[in-house]
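Inspection log for the structure reproduced underneath, given as structure tokens.
The values are calculated or read from the model by the stated rules, or taken from the named source; none is laboratory data. This is a predicted model, so every value here is computed, not measured. We place every Cβ from the backbone using ideal geometry, glycine too, and count neighbours over all the protein chains shown.
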Amino acid sequence: MSLQAKIMDEIKTAMKAKDTVALEALRAVKSELLLASTASGSKEELKEDEEIKLLQRLVKTRKESARIFTEQNRPDLAEPELAQVAVIEKFLPAQLSEAEVEAVIAKIIAETGASGIASMGKVMGLASAQLGGTAEGKTISTIVKKLLS
């Protein structure tokens with residue numbers, strides 16, 4: 001079942017349950033999927049990795065908003081953002097722990113023979129491709145810096 005079909009089913013479920021937070025998050029995902037599929041000019045569906053990147057971007061945006069609201073002492077605005085994050089994360093693949101990400105990156109560094117910060121770009125490219133949607137880019141970057149220093 002495609003992501004768009006899953007989102008539509010979840011929207012129906014949220015409407016029946018009168019879950020406004022989930023409904024708002026799901027409609028945002030649906031909107032972004034629609035915009036992304038029409039932006040390319042083609043009528044074909046998005047690839048799975050593009051859908052994952054889109055979902056990750058939505059989660060990142062909401063987490064950043066929640067962080068800002070918390071800093072400004074507005075928990076009333078931060079809570080709905082974090083609730084939406086939880087709804088959107090249901091559609092993302094399971095995230096790897098930092099130890100698992102570190103093991104994958106260490107393997108990549110050993111295979112490529114990379115050393116020093118100068119080879120960070122090469123390692124980041126390979127790590128991002130291999131880890132796909134299972135780790136955040138910021139986490140990957142931090143671990144690569146730590147292992148190459």
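Please pick out the residue among 147, 126, 96, 131 that is surrounded by 13 or more Cβ atoms within 10 Å (Cβ to Cβ), among the aliphatic types (A, V, I, L, M) and not in a helix (DSSP H, G or I).
Among 147, 126, 96, 131, only 96 is surrounded by 13 or more Cβ atoms within 10 Å (Cβ to Cβ), among the aliphatic types (A, V, I, L, M) and not in a helix (DSSP H, G or I).
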Condition test on residue 60, is it surrounded by fewer than 15 Cβ atoms within 10 Å (Cβ to Cβ), within 23 Å of residue 129 (Cα to Cα) and out of contact with any helix residue (DSSP H, G or I) (no Cβ under 6 Å at 6 or more places or on another chain)?
yes
Among the residues of the range 35-55, are any surrounded by 13 or more Cβ atoms within 10 Å (Cβ to Cβ), at pLDDT 90 or above, basic (Lys, Arg) and closer than 20 Å to residue 137 by Cα?
no
How many of the residues making up the range 117-149 are more than 20 Å from the chain's Cα centre (by Cα) and of a type in the set (D, E, K, R)?
3
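With 39, 28 as the choices, which residue is among the small types (Gly, Ala, Ser), under 20 Å from residue 3 (Cα atoms) and in contact (Cβ under 8 Å) with a residue 12 or more places away in the chain?
Exactly one residue qualifies, and that residue is 28.
Residues to consider are 136, 102; find the one that is within 30 Å of residue 20 (Cα to Cα), charged (D, E, K, R), in contact (Cβ under 8 Å) with a residue 12 or more places away in the chain and surrounded by 15 or more Cβ atoms within 10 Å (Cβ to Cβ).
136
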Residue list for the range 1-34, restricted to those being buried (at least 16 other Cβ atoms within 10 Å of the Cβ), of a type in the set (Asp, Glu) and farther than 22 Å from residue 48 by Cα
19
Looking at 10, 111, which is the one that is part of a helix (DSSP H, G or I) and in the same structural domain as residue 133 (by TED's automatic domain parsing)?
111
Going residue by residue through the range 39-48, is there one that turns out to be closer than 26 Å to residue 134 by Cβ and among the small types (Gly, Ala, Ser)?
yes
Does any residue of the range 77-87 turn out to be out of contact with any Phe, Trp or Tyr (no Cβ under 6 Å at 6 or more places or on another chain), in a loop (DSSP other than H, G, I, E, B), surrounded by 12 or more Cβ atoms within 10 Å (Cβ to Cβ) and assigned by TED's automatic domain parsing to the domain that holds residue 8?
no
Out of (1) loosely packed, with under 13 Cβ neighbours inside 10 Å; (2) free of Cβ contacts under 8 Å to residues at least 40 places away in the same chain; (3) of a type outside the set (Ser, Thr, Tyr), what's the single condition that is false for residue 120?
(1)
